[in-house]
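Heads up: the structure comes next, in structure tokens.
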Amino acid sequence: MTRPTAPRPGPASSASEASSPPAWLLERLRSAGGSVPFRTYMAWALHDPEHGAYGSGHLRIGPRGDFATAPSLGGEFAALLAPQLAAWLEELAAQSSGPLALVETGPGEGQLARQLAEALQQHWPQLAARTELVLVEPNAGMAERQRRQLEGLSLPLRWASFEQLAARPLQGVVLAHEVLDALAVDRIVWDGALWRQQVVALHEGASAGLALRLEPGEPLEPEALAQLAALGLPPRASEAAAGPAVPPLPVGWCTELHPELAPWLRSCAAGLSRGRLLVIDYALEARRYYAPHRQDGTLMAYRDQTASADPLRDPGHWDLTAHLCLESVEAAALAEGWQPLGQCRQGEALLALGLAERLHALQQGSGADLASLLARREALLRLVDPHALGDFRWLAFSKGEPGALPAAAFLRHP
């Protein structure tokens, strides 16, 4: 996702800019006693089948939509990625005579799925003859858009849930491009002595009307405190004083935990008997993610190419996203049976996969189609821009394969 800049979120207890919550959210909050954990609110706002931004299909992906992704900029990203995925599929094909699958989770508008399928058919026809394209899309509104995008595709194609795939696990490659950053997160707040779970609370008053607020809730459970300790954050004020020299956190310091990572990785692993998983997303090391200066976490909202610091604004019409913590992803993957193969930044990955050679070839192109050549050049440069898409992380994992490649040696070099 190309992210516009915006002010960071305000204090941990703050009111939304929205004038009044929608009726569907009012009903749910009242039924829940007036407040819910932020994770519950985020899941509703994104994935509710009638009202969620993805569930209902409200969000539009592309340069003229709510936000742009690498595939929405044209076919250059898929052209660079396809040889990597094909190399992995060829390795699996050499070890077994059975069918193969290319699985994309959260396929967005379906652009990347089409681009990759067409690349397989054009450049690896024998491999394509053994490969099925499987899309894992939990949101009906997005799935309907994908069906329109992929109409007429000659590669075998179906939609399935991880639970359905687990009944007959596949061998193949799973791609999670800008998926895990949309999993609902727990927001947590430091009150000076304890960590508390942040909640979304409904305030109803005769003078102020209806308003949503982010407020500190109950203290964190021991399991969440253990996660914090593993990530380098003191579970309690007394332990912070006795522990390593870490700058004190101010009251109201807020960040995220990722409780849905492990269940997602577990479900994904259950659907795959043998193969690889490639995660491409915004991610930070724990020392950067939980650095004292990052006092408002990484959560942001996006709509109409605009970034907002207010996650409570017009619920169900904004994308909500939080960066991943690299150590959290890797720990969850190991716990769920995945073997890490390595990780790198997108800029490094695409250069290793031949981006410089593609740029050089464009310079040799005919001037008769100068506008097209310049557009392709701009798209390639945006893919490796360290201030935009180039700072994405690629994380590779394997399942059911003997041994593992050395760290950062997972890329196919042209």
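Coordinate-derived values only; no laboratory data. Keep in mind it's a predicted model, so treat the numbers as computed, not measured. Cβ coordinates were reconstructed from backbone atoms using ideal geometry, including for glycine residues, and neighbour counts include every protein chain displayed.
Simple spin-label estimate for Arg274 and Arg288 gives 3.7 nm between the two label positions (7 Å along the Cα-to-Cβ direction from each Cα).
Taking the Cα atoms of the range 98-243, the ratio Rg/Rh between the radius of gyration and the Kirkwood radius comes to 1.19.
Ratio of alpha-carbon Rg to the 2.2 N^0.38 Å globular estimate for the range 259-374, to two decimals, please. Kindly include the intermediate steps, with their values, before the conclusion.
Details: Rg = 19.5 Å, N = 116, 2.2 N^0.38 = 13.4 Å.
Rounded to two decimals, the normalised Rg is 1.45.
For Trp253, the residues whose modelled amide H falls within less than 5 Å of its own, excluding neighbours fewer than 5 places apart on the same chain, are Trp190. Extending 7 Å from Cα along the Cβ direction at Asp369 and again at His203 yields two label points whose distance is 5.8 nm. Among 144-153, 181-190, 98-107, sorting by the average number of other beta carbon atoms lying within 10 angstrom of each residue, highest first, gives 181-190, 98-107, 144-153. Model label sites at Glu357 and Glu401, defined 7 Å from Cα along the beta-carbon direction, differ in position by 2.1 nm.
Distant-in-sequence amide contacts of Leu170, defined by a placed amide H-H separation under 5 Å and a gap of 5 or more residues or a different chain, comprise Leu272, Ser273.
Sequence-ordered 3J(HN,Hα) estimates for the range 41-54 from the Karplus curve with 6.51, -1.76 and 1.60 and θ = phi - 60° stand at 4, 5, 5, 4, 5, 9, 10, 4, x, 9, 10, x, 4, 8 Hz, glycine and proline given as x. Per the Debye formula on identical point scatterers at the alpha carbon atoms of the range 21-62, with no solvent, log10 I(q)/I(0) at q = 0.15, 0.16, 0.17, 0.33 Å⁻¹ is -0.37, -0.42, -0.46, -1.14.
Pair-distance distribution P(r) for the range 110-178, from all Cα-Cα distances in 5 Å bins starting at 0: 3, 14, 27, 26, 20, 8, 1 percent.
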